[in-house]
Structure formats: structure tokens, C-alpha cells
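Have a look at the structure below, then the notes.
The values are calculated or read from the model by the stated rules, or taken from the named source; none is laboratory data. No experiment lies behind these values; they were computed from the predicted model shown. Every residue, glycine among them, receives a Cβ derived from its backbone with ideal geometry; neighbour counts consider all protein chains shown. Just so you know, the surface numbers come from the protein's heavy atoms only, side chains and all, with ligands and any DNA or RNA stripped out. Shrake-Rupley method; radii C 1.70, N 1.55, O 1.52, S 1.80 Å.
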Amino acid sequence: MSTRGASVPPFPPGDRASGVLLHVTSLPSPYGIGDLGPAAFAWVDRLHEAGQRWWQALPLGPTGYGDSPYQCLSSFAGNELLISPDGLIEDELLRAADCAGHAFSSTAVEYEKVVPFKVRVIETAWRRFIAGARPDLAAAYEAFREAHAVWVDDYALFRALKARYNGTCYLEWPAELVRRTPAALARARRELADQIEIVRFAQFLLFRQGERLARYGHEKGVRLIGDLPFFVSPDSSDVWANPELFLLGQDHHPTVVAGVPPDYFSADGQLWGNPVYAWDALRERGYRWCVDRLRALLAHVDVIRLDHFRAFAAAWHIPAEASTARGGQWVGGPGAEFFESVEKGLGALPFIAEDLGLITPDVTALRDQFHLPGMRVLQFAFDGNSDNPYLPRNYVPNTVVYTGTHDNATTRGWYEALSADEQQNLWRYLGRSGDAASEVAPAMMRAAWESGAALAIAPLQDLSTRPFEWLRGLTDMSGRSQGDFR
């Protein structure tokens, strides 16, 4: 039976809340990168104490090219660098001495130091586990392997092969491995058995720690928002293990790639280079791969921000040989059928639609058909147009408002780049005049919190100059407001 239009929004009507955007890697840590350990639990405590009900992060997958969370080696797996050594010590799979003697930057993630350190930590935990430490975890590990068999075995083999070939793109591996001939895969599984098990065990540890953090957040009344890129990386286990689900040539290279067309900001458009989905093949399988992908992330989070939501209606396809995005064309996406299948598979649609950029009526109709909240960014609001959809007075309740996102400058940085006239236009709308740049982030947060949006989010950078007590007061105030800010 069709579920068309039957879904409800992830934020109940009339409920209004707020939260903070902070990626896990930015948490303080003695191990060179933020992780799912004590600092994450302390962060949940701070959010709870300040009356915040949501924590939003960026994609949590294993980073590939450029260490970007939007170019992950898998859209199912988690980033092993987020495993907490302190959590492994608590689980008796690691000793404090195993982490001693390392010095890391306190201001930036130095991946060239962090990666080998975390690799050694995970390998040590695995050796200790197979030597008999924590035998009570053996059943849980086997259950994890069985529950995630649809992706974890291919991912573990992919990572083991990537290590064997010094991190090169899988398209540069021997042809028999690129084509995944059964004999070549069987031989690789035998030769790399130990490395494969370590990768698989690392995912078990990560999911275990992620689920523990999510439970703690729920106990404190704090829920988690994850982020799912629409496209996958061209160098990923997703494409390698499922070539039939992407528009690839016989050589396994993409025939078309993703991007966006030329616009006001870019005369050539944006050429992202991601492979494009073969929607007919996915449709024939009932979108099962997509549902499994979403389910894997929902093991860690409560709600998912669907990046580049407009591509579910239509995406910009660019010939793979093109040097710019100019020569692309719009090609229809899966539309409502996709969300009907997902809702049938998951039982709900716990999503936020990232509906920024060039949004056409079909995109808005798709979003509204399934009652998905859209996004509004305050930095886009103050162009002098009273009909600007990003102005708070133009919001519908089923909306998530951000002062800014990870794609924007900080609010203060954005403000300082405005012309004097634009700055005055902003202050006029906010009902203030002549304020200092140091006051713009608090003023923008107040506008977001007072709006009628169901959820207001600010990046941590926008409140770093203000104590959490101020944030608590702002939240107490917004709880009484019913969106009367003009």
C-alpha cells in the first residue's frame, strides 16, 4: 500500500527547540582529534545545562580525499579516527600506557600524526581482543557483523586493499580487482584476512561507542542530527562494490559526474566530479541500498540532514570529460517514489531537507508532500527584499533556521565583509542601530531563536564569545516566543 503523504515531520507541530552545530572532530582531545569519548559526553552535558535539545554534526564517515567528510571512503561506515582511546581503556581493550608518548596540536587536526596513532590503537585493541580480553564482547561483535553484512565485509576488504596499494584510487588497482572477479576477491580475502578483521572490528568499536553516546544524549534530553551527502565519493567502497548502481562505463569510470550549473556566484558552475546514480537500477531493487545507507547512519543519530535535497527531484549531470559544469543538463531524480520506499523500509522519514541553492517548484512540492522541514540561513536574508524567504517573518513553522552553516563564514566574518549600507539594512531589520561587529552574532541568534521555526541552530563559532548561561537565557526566552519577530 502506498504511504504517499502519510509521513509526519520529525519535529512535532507546535514544538520549538534549539541546538548547536559542532563537528565531532572539533571537540577537545589529548589524542589530536575530537572523538566519541569524554569530551563528547561533556559536550552533551553542556548542551543539557544550557537548555539545548539538539546537537548537529557533519558527516561521520571515513574521510578520503582532502580529509573531507563530504568525500568519504564509504557512506555506510563510520570514521575510525572518531574512536575514543579513553573508551577503549574503559572497555579494557587498551591500557593507558598504549597512548603515552604522543604529542598533538591543541588547535588543529594533524592527520599525518593522528592517523598512524589511531591505527596503532585499533590494532592493539584487536590483538588484545583476540588474545581473550573482554570475551563477553564476542557475541556482540558477531551480531554486529551479521547485522551490517550488507556493507561491512566489502568495506573492510576495500580498506585492506587500499592499504596494500598505498592509498591509490581503486581504479588504479589491478584490473581483476577493479572488475571484482571472484577469484581475485577470494585470493585477496585470504591474503589480507588479518587486516580485514581489524577494519571490521574498528567499525564494531565505533558503532558501539556511537550508540553509547546517543543513549547518553537521550538520557539528557539531547538528540543528534547527522548529515548525509547526496552523492558518494568516486573512490569509495560504495562505487567499487556496487558499480551497477552508478552511471559508469565499461572501464568503471563515470560517464557523467555531478555538480551544479553556472549561477550568480560561479560563472562556470561547480564541477564536483562525483559519480551519478543509476536510478533505474536502484528502483528495480526497491531502493534497498539507499535504505540500508540511511539505516546505518540512524544507528548513531536521530535525524538526518539530507544534503543537496534538490537532486531527489533533478540533478545536474555533466559529461565526465568536461572541464567545467557549463555543459551539463538537468536529469530527473527518483522523486516521491524514493521517499515512499524509504518510509516503508524505515517506518518514518526523520529528515531535514537541505533545500538551499537553485530551488524550483518541483523541489518544494516534493519536500512539502512528505512534510520534511526545509532550511533557512539568516546570512542570506538581508538583501532588502521583503519577500526574501530567509527573512524570519517569512518562515513556515516546519523549518530549521541557521545563523550560518559550515559552508558560510562565521556570522561576524560575514558581517564584516558587508558594505556599510548592507550593515545598516541588517540593523534596521533587527531593530537596532550602530551596534558593534561583536554584537552581530548574538543579535542574529536572537532573531533565529525568536522566529517561528521549529528548530534554531547556531554553529559553535557564533556563540563562542558568549557564555552558555547567555544561551540558556536565550532559550528560556524563545520557549515563550511564538515567532512574532519582525
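Give me the distance between the Cα centres of segment 330-355 and segment 59-84, rounded to whole Å.
After rounding, the separation between the Cα centres reads 23 Å.
For the pair Glu123/Leu346, report the inter-label distance in nm, with labels modelled 7 Å from Cα in the Cβ direction.
Each label point is offset 7 Å from its Cα along the Cβ direction, giving 3.7 nm.
Tell me the relative contact order for segment 211-273 as a rounded percent, counting alpha carbon contacts under 8 Å between residues six or more apart. Show your work: numbers first, answer last.
On the way: 41 pairs, mean separation 10.4, N = 63.
Relative contact order of segment 211-273: 16 percent.
Roughly how many Å² is the accessible area per residue of segment 11-127, as a whole number, for a 1.4 Å probe? List each step's numbers first, then the result.
On the way: 4730 Å² over 117 residues.
That works out to 40 Å² per residue.
Rounded to the nearest 0.05, what FRET efficiency is calculated for Thr324 and Glu211 with R0 set to 35 Å and r the Cβ-Cβ distance? List each step's numbers first, then the result.
Working: r = 44 Å, r/R0 = 1.25.
The calculated FRET efficiency here is 0.20.
Kindly express, to the nearest 10 degrees and within the range 0 to 90, the angle between helix 336-346's C-alpha long axis and the longest C-alpha principal axis of the chain.
60 degrees
Evaluate the Kirkwood expression for the hydrodynamic radius of segment 146-292, namely the inverse of the mean inverse distance over all pairs of different C-alpha atoms, and round to one decimal in Å. Before the final figure, lay out the partial values.
On the way: mean 1/r = 0.0563 Å⁻¹.
With all distinct Cα pairs of segment 146-292 included, I get 17.7 Å.
Need the list of aspartates and glutamates near Lys220 for cross-linking: C-alpha distance under 12 angstrom, and skip anything on the same chain fewer than eight residues off.
List returned: Asp45, Glu49.
Using a 1.4 angstrom probe on the protein heavy atoms only, could you order Ile352, Ile130 from most to least accessible area? Could you put the intermediate results ahead of the total?
Numbers: Ile352 0, Ile130 95 Å².
Descending accessible area places them as Ile130, Ile352.
Among residues other than Val260 whose Cβ falls under 15 Å from its Cβ, what is the net charge (Lys/Arg +1, Asp/Glu -1)?
So the surrounding residues net to -4.
Have a look at segment 364-441 and give its Rg and Dmax from the Cα atoms, expressed in angstrom.
13.9, 43
Project the alpha carbons of the chain onto their principal axes and report the range along each, largest first, in whole Å.
The Cα atoms of the chain stretch 69, 53, 46 Å along their principal axes.
Calculated FRET efficiency, Ile359 and Cys169, Cβ-Cβ r, R0 30 Å, to nearest 0.05?
Details: r = 33 Å, r/R0 = 1.12.
Efficiency computed from Cβ-Cβ geometry: 0.35.
What order do Asp35, Asp383 take when sorted by accessible area (1.4 Å probe), most exposed first? It would help to have the intermediate numbers written out before the result.
On the way: Asp35 10, Asp383 100 Å².
Largest accessible area first, the list is Asp383, Asp35.
Nearest 20 debye, what's the magnitude of the dipole of the chain about its Cα centre given +1 on Lys and Arg Cβ and -1 on Asp and Glu Cβ? Provide the component values of the computation, followed by the final result.
Working: 46 positive and 59 negative charges, 142 e Å.
The calculated dipole for the chain is roughly 680 debye.
If you bin every alpha carbon distance in segment 41-147 into 5 Å steps from zero, what whole percent lands in each bin?
Taking all Cα pairs of segment 41-147, the binned fractions are 2, 10, 14, 18, 19, 19, 13, 5, 0, 0 percent.
For segment 142-227, with all protein chains present and a 1.4 Å probe, just round the carbon and sulfur fraction of the accessible area to a whole percent. Write out the running numbers ahead of the final one.
Working: 1920 of 3870 Å².
That share works out to 50 percent.
Per residue, what volume in Å³ does the convex hull of the Cα atoms of segment 222-267 enclose? Walk me through the numbers before you get to the answer.
Details: hull volume 6.3 nm³, N = 46.
Considering the Cα atoms of segment 222-267, their hull volume per residue is 137 Å³.
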